[in-house]
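This report concerns only the one structure given below.
Please treat every number below as a calculation from the coordinates, not as lab data. Treat the numbers as computed from the prediction; the structure is a model and nothing was measured. Quick reminder, even Gly has a Cβ in these numbers, built from the backbone with ideal geometry, and neighbours come from all protein chains shown.
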Amino acid sequence: MDDHDLPDLSLIAAPMVNQSDLPFRLLTTKYGATLTYTQMLHPNRLLDDPEYLAFHLRDLAISQQLQQPVVVQLCGNDPDVVVNGAKKVVGECNGVDLNLGCPQSHAKDGHYGAYLLGQKDWPLVASIVSSLSQSLTVPVSAKIRLCSPSSQTLQFAHLLEAAGASWITLHARHVSVRRRRQGAAFLDEVAKLKTGSEAVPGVSIPVISNGNVRYWEDIPRNLEQTGADGVMVGETLLRNPCLFDKTGRIPDPILISLEYIDLCRQHPETVTLDQIQAHVKHLVEFQWYVRTLV
């Protein structure tokens, strides 16, 4: 797919479990996000659970009505199931992403996410990405973690490109069930996807860097270090959804919470009470903590 068919990959709000609801995505877009992702969706549930499908289609349809670009992230290890699940939502999104980075125990038990990074599963991953790319009318991407050893990551990225991925997001940490973040991300590994190694050239599709962003100032540093085409940010946005507005400001915890709640009032059918409570807790606790340090 040509670059002009891709969404703006500059500043991306990451997929987050139970936290990538429509009102929160709209909030991050208001403050500078150029693209947002849904949380990881299960294609088998899109196929077999009418309520699950209806809930997420409502979310996506409103996104399209508001002209808010959104990528649907899917998981899975069966090409047919993943493709058929994707077909249920493809008419209401701007891209479909394959999750190859989830490190949690349920992904390990179900053999999806980051547990498809091993070389023995590369043919399966290539089949899933290729099937998606050939079957859908929107671009297909993949969000990955570092392979083990890290030197295999560049080779894996080439496999994804050859299979039809239009861009790759690298969360430059290794897989760990107990600790999703073991120290700082290895941003030099992101750079290798762009520049290549002595033996293997870099990929020719866009590369998105994910990791080591806590403040706005970290974003230009990340891009300079990695040469990436964009940055994806996850949990930092939960604490400061205004991160992308380039001012470095920390919003008032009450005002930003009320702004989020107002979006929830506008779109009540797209968010649960548990999600609202979790977001407000993140916003208020973090912002008050920051203010005690000043």
Could the peptides 200-209, 185-194, 252-261 be put in order, highest first, of the mean number of other beta-carbon atoms found within 10 Å of their residues?
185-194, 200-209, 252-261
Show the residues, 5+ positions off or on another chain, whose built amide H is closer than 5 Å to the amide H of Leu35.
Leu11, Ala13
Let's test this: bin the Cα-Cα distances of the stretch 3-250 at 10 Å from zero up to the farthest pair and state each bin's percent.
8, 34, 39, 18, 1, 0
Mind listing the phi-derived Karplus ³J(HN,Hα) values for the stretch 117-130, rounded to whole Hz, using 6.51, -1.76 and 1.60 with θ = phi - 60°, and x for any glycine or proline?
7, x, 4, 5, 9, 4, x, 5, 4, 4, 5, 5, 5, 4
With θ taken as phi - 60° and the coefficients 6.51, -1.76 and 1.60, list the Karplus ³J(HN,Hα) couplings across the stretch 251-261 in order, rounded to whole Hz; mark glycine and proline as x.
x, 4, x, 6, 5, 6, 5, 5, 5, 5, 4
Could you compute the FRET efficiency for Gln119 and Gln266, with r as their C-beta to C-beta distance and R0 at 41 Å, rounded to 0.05?
0.30
If you average the sequence gap of Cα pairs under 8 Å that are 6 or more apart and divide by the length of the chain, what percent do you get for the contact order?
19
Which value results when the Cα radius of gyration for the stretch 17-155 is divided by 2.2 N^0.38 Å?
1.04
Starting from the Cα of Lys87, draw a straight line to each of the lysines and keep only those under 30 Å, dropping any in the same chain fewer than 8 residues away.
Lys30, Lys108, Lys120, Lys143
Based on Cα positions only, what radius of gyration and what Dmax would you give for the stretch 169-277, in angstroms?
17.3, 55
Kirkwood Rh in Å, taken over the stretch 52-127 so that all alpha-carbon pairs contribute:
13.4
If I take R0 = 35 Å and measure r between the Cβ atoms of Arg221 and Ala61 in this structure, what FRET efficiency does the formula 1/(1 + (r/R0)^6) give, to the nearest 0.05?
0.40
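Treating only the Cβ of Lys, Arg, Asp and Glu as charged (+1, +1, -1, -1), what charge dipole size does the stretch 102-183 show about its Cα centre? Round to the nearest 20 debye.
The dipole of the stretch 102-183 has a size of about 480 debye.
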What list of ³J(HN,Hα) couplings, whole Hz, do you get for the stretch 222-227 from phi and the Karplus terms 6.51, -1.76, 1.60, once you set θ to phi - 60° and write x for glycine and proline?
4, 5, 5, 6, 9, x
Quarter of the Cα convex hull surface for the stretch 92-192, i.e. its orientation-mean projected area (nm²):
6.7
